[in-house]
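For reference, the structure is listed below as structure tokens.
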Amino acid sequence: MKEVLDAGGVPTAAHRAFGAGEEGAALAYLESLSAPYVVKTDGLAAGKGVAVVHSRDEARDAVREYLSGRAFGDAGRTVVIEEGLTGPELSLLVLCDGSEATPLAPAQDFKRAFDGDTGPNTGGMGAYSPVPIAGPEIIDEAMGKCVRPALTALSARGVEYRGILYAGLMLTPDGLKIIEFNVRFGDPECQVVVPRLESDLCRHLAESAGGRLQEEVRFTDDACVTVVLATEGYPVAPRKGDEIEGLDRAKAVEGVTVFHAGTRSDGDRLLTAGGRVLDVTATAASLAGARARAYEAASLISWPGMHYRSDIAATAAEEDRQ
Ligand code: GLY
């Protein structure tokens with residue numbers, strides 16, 4: 001991906017990739033960076049192959065674990081080491097038809113396991129949309145500086161990309177920068193963006209696949225917040241097989257939909273079957289209202305060891321009120 005970003009002149013963090021047998025060079029490159037350090041697997045690692053650490057010792061350990069294959073098998077045998085960027089994150093899902101690209105409403109994700117952005121990186125512990133700090137000018141900048149140049153660089157390589165492109169952005173003190181692109185919807189960003197869509201998702205996807213986006217993308221003014229309920233030990237060693245209680249009462253809260261992420265049925269019982277188990281999603285007229293509904297519903301669900309963050313959308317809901 002970094003080659004495509006470089007070819008397109010897309011602003012991103014300083015970075016280099018190292019393969020198996022290049023541990024010495026990788027550790028030397030770390031010495032040239034300052035904290036925070038980002039160490040990523042080049043291959044797919046179920047959303048967990050990114051270590052963002054503040055000490056160089058931890059970064060060195062991550063490099064060794066990844067390159068040796070101990071942490072993620074072959075997915076980690078090539079690592080990308082990056083300077084850590086700082087600033088608010090923004091997720092932008094973009095419909096692409098091979099030549100045109102149309103952004104959906106922006107969302108913000110919470111990647112750390114615990115409140116206050118502490119704990120290990122996860123696939124995402126919650127999200128909200130809209131994002132008050134991401135007005136139309138920020139979205140235009142993201143499309144003009146990051147998304148369209150990346151699509152042009154792909155096109156120059158013979159890749160006519162159709163479908164959803166996930167742009168993970170950071171609003172750094174030096175301007176917008178790309179953290180990652182994914183060729184899929186975001187999870188849990190999708191859960192807060194799609195419920196706000198007023199126009200027809202199926203039509204947009206069909207047009208995207210067919211190579212001609214035509215229908216205008218329209219969103220409601222509603223706000224949407226999702227809170228991820230996770231199992232004990234997630235993301236390191238999630239415990240599974242516990243019985244989930246209270247789902248029906250949670251679903252009865254006004255404006256709430258509960259998406260299943262890691263569950264399985266056992267007769268009449270519903271059991272946990274993954275690290276991220278349920279996405280409790282609520283819509284309301286404001287972020288504060290959606291947040292209150294999502295947390296009310298989340299509080300009605302339980303299983304041994306369940307945990308969730310209590311600060312999803314807290315700052316944005318506060319800013320939105322002012
Ligand atoms: N929530 C982050 C992702 O879907 O990659």
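Details
- GluC sites (Glu not before Pro) restricted to DSSP loop in the range 244-322 with at most 13 other C-beta within 10 Å: 254
- Spatially, the range 54-104 and the range 236-256 are offset by 30 Å when compared through their Cα centroids.
- Shape analysis of the range 1-86 yields a ratio of the Cα radius of gyration to the Kirkwood radius, Rg/Rh, of 0.94.
- In nm, spacing of pseudo-spin labels at residue 249 and residue 307 (7 Å Cα→C-beta vector): 2.4
- Spacing of the modelled spin labels on residue 58 and residue 184, each 7 Å from Cα toward Cβ, amounts to 2.6 nm.
- For the range 93-101, putting each phi into the Karplus relation 6.51 cos²θ - 1.76 cosθ + 1.60 with θ = phi - 60° gives couplings of 8, 10, 7, 10, 10, x, 9, 9, 9 Hz, in residue order, rounded to whole numbers and with x for Gly and Pro.
- Taking 0.36 nm per residue of sequence separation and removing the Cα-Cα distance, the residue 3/residue 296 pair yields an extension gain of 101.0 nm.
- Largest-first ellipsoid semi-axes for the range 113-190, taking √(5λ) over the Cα gyration tensor eigenvalues, angstrom: 25, 17, 12
- Size of the range 262-322: Rg and Dmax of its alpha carbons, in Å, are 14.2, 49.
- Qualifying trypsin sites (Lys or Arg not before Pro) for the range 152-185 [loop in DSSP, other Cβ within 10 Å: at most 16]: 157, 184
- Count of Lys pairs (Cα-Cα under 24 Å; at least 8 positions apart or interchain) in the chain: 16
- Estimated FRET transfer efficiency (residue 218, residue 315; beta-carbon r; R0 30 Å; 0.05): 0.65
- At most 10 other Cβ within 10 Å, DSSP loop - GluC sites (Glu not before Pro), the range 146-243: 216
- With one equal scatterer per alpha carbon and no solvent term, the Debye-computed log10 I(q)/I(0) for the range 218-304 at 0.21 1/Å reads -0.92.
- Structure-based [θ]222 nm, the chain - -39500 (n - 2.57) summed over DSSP H runs of at least 4, per residue, nearest 500: -7500 deg cm²/dmol
- Stokes-Einstein translational diffusion, the chain - Kirkwood Rh over all Cα pairs, 1.002 mPa s, 20 °C, in µm²/s: 104
- What the Cα atoms of the range 146-255 give is an Rg and a Dmax of 18.5, 53 Å.
- Across all Cα pairs in the range 80-224, the calculated P(r) in 10 Å bins from zero up to the longest distance comes to 11, 41, 36, 11, 1 percent per bin.
- Semi-axes of the equivalent ellipsoid of the range 197-253 are 36, 18, 11 Å, computed as sqrt(5λ) over the eigenvalues of the C-alpha gyration tensor in descending order.
- Separation of the range 266-322 and the range 135-207, taken as the distance between their Cα centroids, equals 25 angstrom.
- Inter-label distance, nm, simple model (7 Å from Cα along the C-beta direction), residue 194/residue 117: 2.8
- log10 of Debye I(q)/I(0), alpha-carbon scatterers only, for the range 24-143 at 0.09, 0.15 Å⁻¹: -0.32, -0.82
- Taking every alpha-carbon pair under 8 Å whose residues sit at least 6 apart, the chain reaches a relative contact order of 16 percent.
- With contacts taken as Cα pairs under 8 Å at a separation of at least 6 residues, the range 162-243 carries a relative contact order of 23 percent.
No value in this document is a laboratory result; all are computed from the given coordinates. Remember, it's a predicted structure, so these values are computed and weren't measured experimentally. Virtual Cβ from ideal backbone geometry, glycine too; neighbours counted across all protein chains shown.
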